[in-house]
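Working notes for the structure below.
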Amino acid sequence: QVQVVESGGGWVQPGGSLRLSCVVSGTVFGVYILEWYRQAPGKQRELVASIDTYGTTTYADSVKGRFTTSRDNAKSTLYLQMNRLKPEDSAKYFCYVPTRNAWGQGTQVTVSS
């Protein structure tokens, strides 16, 4: 059974940074495309970033140039480095393994002064 656990969320002032982590267990981590989503209250869940098995990344326009996703296959861990955070980045962030339809429980990010 695939387990997905996110961590690293918290409160930060606008312009600050956070790094989210996502540990995936119960499967072979290195063979999967991995994705970050976020969902703010009253809004639909949206795709933020993805990374394939070669390390090729894609980003939503709203975070391009500010967020960077990476993976450490040896640690079965996915990362999301978030810089120059804005209040509109506030949301619960989720890690997703599409081919296994496996979601984590999410980690809350709040950006406010």
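The figures follow:
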item: The stretch 49-98: relative contact order as a whole-number percent, Cα under 8 Å and 6+ apart; result: 24 percent
item: Dipole-positive endmost among THR56, THR107, LEU34 within the chain (Cβ charges, Cα centre); result: THR107
item: Cleavage-rule hits (trypsin sites (Lys or Arg not before Pro)) in the stretch 1-77: DSSP loop, at most 16 neighbouring Cβ within 10 angstrom; result: LYS43, ARG45, LYS64, ARG66
item: Carbon and sulfur %, accessible surface of the chain computed with the full protein complex present, 1.4 Å; result: 48 percent
item: Relative contact order computed over the chain (Cα-Cα under 8 Å; 6+ residues apart), in percent; result: 37 percent
item: Residue-normalised accessible area of the stretch 33-113, given per residue in Å² at a 1.4 Å probe; result: 53 Å²
item: Dipole in debye (nearest 20) - the chain, about Cα centre, beta carbon charges: Lys, Arg +1; Asp, Glu -1; result: 140 debye
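The values are calculated or read from the model by the stated rules, or taken from the named source; none is laboratory data. The shown structure was predicted, so the numbers you read here are calculated from the model rather than taken from an experiment. Note: ideal-geometry Cβ built from the backbone for every residue, glycine included; neighbour counts use all protein chains shown. The protein model used for the area step is the full one, side chains on, heavy atoms only, and it has no ligands, DNA or RNA in it. Shrake-Rupley method; radii C 1.70, N 1.55, O 1.52, S 1.80 Å.
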